[in-house]
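Down below is the structure, laid out as structure tokens.
The values are calculated or read from the model by the stated rules, or taken from the named source; none is laboratory data. In this text the structure is predicted, and so the values were computed from the model without any measurement. As a convention, Cβ positions derive from the backbone with ideal geometry for all residues, glycine included, and neighbour counts pool all protein chains shown.
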Amino acid sequence: MAINWPLYIYLGDSLGAEAGGEFIRTDLIEPREYQLNIIKSILHKNSLVVLPTGLGKTIIALYAMSNALSHGKKAMMLSPTKPLAEQHYNSAVRLMALNPNEMALITGAVAGAGRSALEAGARVVLATPQTIANDIKAGRLDIKDYGVVVFDECHRAMGKYAYTYIADEAKLNSIRTLGLTASPGSSEAKIKMLTDILGIQNIEVRGPSDEDVYKYIAGKKTSVIYVDRNLAVNEIISLLRPVIEEHFMKLKKYGFCYFKTFESIPKARFLEIGKTISNIKAPNYRFIVMFEYIYLLHLMHAYDLISTESIFAFYDYFERLKARAEKSRAVSSILNNRSIGIATALAKKFLDRGQEHEKMLKLVQILKTDLSGKTVIIFAQYRATISKIVEILNANALRANAFLGKKGGVTNLMQKDIIDRFRLGVFKILVATSIGEEGLDIPSVDAVVFYEPVSSEIRNIQRRGRAGRISFGNIIILVARNSKDEVHLNVSRFRELRMQKILQGLQKNLSREYRHSGTGQQRLA
């Protein structure tokens, strides 16, 4: 039987033999209308496909690879993580009309000699990029044998990442490239760099409102919920703010900070200030200014934790600073500051009383009322916050489990076990760091909760894509008033709109250039 796509509409064998349909399990795959339109447009051009998470980019990749096979070439699909490569391998084994022995999963878990044998015998390779880059350089893999290379999550193709090397090799050997992403970035320079790296000749962009897409979308509702600071949080902030402002004014006096308030400094810009200070030639002056910078860096982070995250995250941060075996002069000075000592003692007192940030209380309320019985992913930025969320939710009889990246002993096997139990309904609420945004086979959920907004349009789109794939989905964004949450919310909206405009412009320009290039269509040999 065919894949049970939501709101499935039969389109028939509209692609024809040119798409290499003999290598696709057509009893299991019948492309949606927008997939069909995209597949037709990418068969003979290096293409970038921008499609929201959950709308079936893998199906498009499989047809691109099948097309290469139909022309007597091999096909390759690259994924940035081992779990994602495994996911695509399993999809290919199930959905491509090939003997499984003709497909190979290539990751760093396989030694070089073993990879060489697998690659030589495979017609379709699903792999992580660094292993393939290493094998090309070592002569174990001849990329000339391939008709297409698919770059999943292709927005990573920047700088020294292995995607860039492989893309260069593909272009040198006239191998078709296909980039897949939910978001290529929001700056024109970054998107243009990406299209140059991948040699893109064609861009296909789709969103929920597009004519050939909307009929397949179950629908999503986005709610932004504002919360005010409670008395406990305000009391801690009243102790923290004067200390921050004192050192902020000192850094301004030294001429390294031109912002009106410390709250108006973007994080990326503040990190750039640190790099500038580290390049000061005079060692004594550099030491003095760097002291103020490090002092301010730690306190501004603590301020963000208490104002937007949780009392526990604030307290935990200072406990971890105390536990450091080696402390800088600035850190030692912070820990000895009387106001900071009172603030952390207050945080401990509030936590012992069961008091927390208003976001925590609002989150429990939402999960008990609006999202009762629903499957939910909650995204939060910091592990300490996630730990507290899970503790509070379980204390309120809301079955929750943390889902963290591979630090502190977390392994791929442990991650897989958590996802399997979530899929089986052992617990209903997954509380995840950014590890849940891409690269893992996480099932669709009824709702996604942003514990804090994120300014990155890529992460924003990926998070939203986890909800509403099969049935109506809810997106809930918690925003602490008068904090950086409000800034990040507005920035992400602006960046996403800008990304769409840039892509539309590039799409038109590439189409015009391709029509008038005089080269015709770039067909596979």
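Is there any pair with a first residue in the stretch 241-252 that is part of a helix (DSSP H, G or I) and a second that is of a type in the set (D, E, K, R) whose Cβ atoms are under 6 Å apart and which are 6 or more apart or on different chains, and what are they?
His247/Glu292; Lys250/Glu292; Leu251/Glu292
Could you list, in sequence order, the residues of the stretch 278-327 that are outside any helix (DSSP H, G or I) and of a type in the set (D, E, K, R)?
Lys281, Arg324, Glu326, Lys327
Give the residues of the stretch 102-125 that are surrounded by fewer than 19 Cβ atoms within 10 Å (Cβ to Cβ) and of a type in the set (D, E, K, R), sorted by residue number.
Passing the criteria: only Glu102.
Taking only the stretch 484-510 into account, find how many residues are small (Gly, Ala, Ser) and touching a Phe, Trp or Tyr at 6+ places or on another chain (Cβ under 9 Å).
Matching residues across the stretch 484-510 total 0.
Confirm whether Pro52 is under 21 Å from the mean Cα position of the chain (by Cα) and outside any helix (DSSP H, G or I).
yes
Here is a yes/no grid of residues against (1) without any contact (Cβ under 8 Å) to a residue 12 or more places away in the chain; (2) in the same structural domain as Ile203 (by TED's automatic domain parsing); (3) in contact with a Lys or Arg (Cβ under 7 Å, 6 or more places away or on another chain):
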{"residue": "Met96", "(1), (2), (3)": "no, yes, yes"}
{"residue": "Ala138", "(1), (2), (3)": "no, yes, no"}
{"residue": "Val150", "(1), (2), (3)": "no, yes, no"}
{"residue": "Gly159", "(1), (2), (3)": "yes, yes, no"}
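What are the residue pairs meeting all of these: first residue in the stretch 310-334, first residue in contact (Cβ under 8 Å) with a residue 12 or more places away in the chain, second residue of a type in the set (S, T, N, Q) and assigned to a helix (DSSP H, G or I), Cβ atoms under 7 Å, and 6 or more apart or on different chains?
Ser310/Thr385; Ala313/Thr385; Tyr315/Thr344; Phe318/Thr344
Sort through Val213, Val233 and tell me the only one that's crowded, with 19+ Cβ neighbours inside 10 Å and more than 29 Å from Arg32 (Cα to Cα).
Exactly one of Val213, Val233 is crowded, with 19+ Cβ neighbours inside 10 Å and more than 29 Å from Arg32 (Cα to Cα), namely Val233.
Condition check: outside any helix (DSSP H, G or I) and either on the phi < 0 side of the Ramachandran plot or at pLDDT 95 or above (or both). Does Leu84 satisfy that?
The answer is no for Leu84.
Starting from residues that are crowded, with 16+ Cβ neighbours inside 10 Å and not β-branched (Val, Ile, Thr), keep the ones in the stretch 219-229 and report whichever is farthest from Glu309 (Cα to Cα).
Lys220
Within the stretch 331-343, identify whether any single residue is of a type in the set (Val, Ile, Thr), surrounded by 14 or more Cβ atoms within 10 Å (Cβ to Cβ) and in contact with an Asp or Glu (Cβ under 6 Å, 6 or more places away or on another chain), and answer yes or no.
Scanning the stretch 331-343, I find no residue that is of a type in the set (Val, Ile, Thr), surrounded by 14 or more Cβ atoms within 10 Å (Cβ to Cβ) and in contact with an Asp or Glu (Cβ under 6 Å, 6 or more places away or on another chain), so the answer is no.
Looking only at the stretch 190-203, which residues are crowded, with 19+ Cβ neighbours inside 10 Å and either under 22 Å from the mean Cα position of the chain (by Cα) or of a type in the set (A, V, I, L, M, F, W, C) (or both)?
Ile191, Leu194, Thr195, Ile197, Leu198, Ile200, Ile203
Restricting the search to the stretch 88-101, which residues are farther than 18 Å from Tyr163 by Cβ and crowded, with 17+ Cβ neighbours inside 10 Å?
Correct list: Tyr89, Ser91, Ala92, Leu95, Met96, Leu98.
Name every residue in the stretch 57-76 that is small (Gly, Ala, Ser) and in a loop (DSSP other than H, G, I, E, B), in order of residue number.
Gly72
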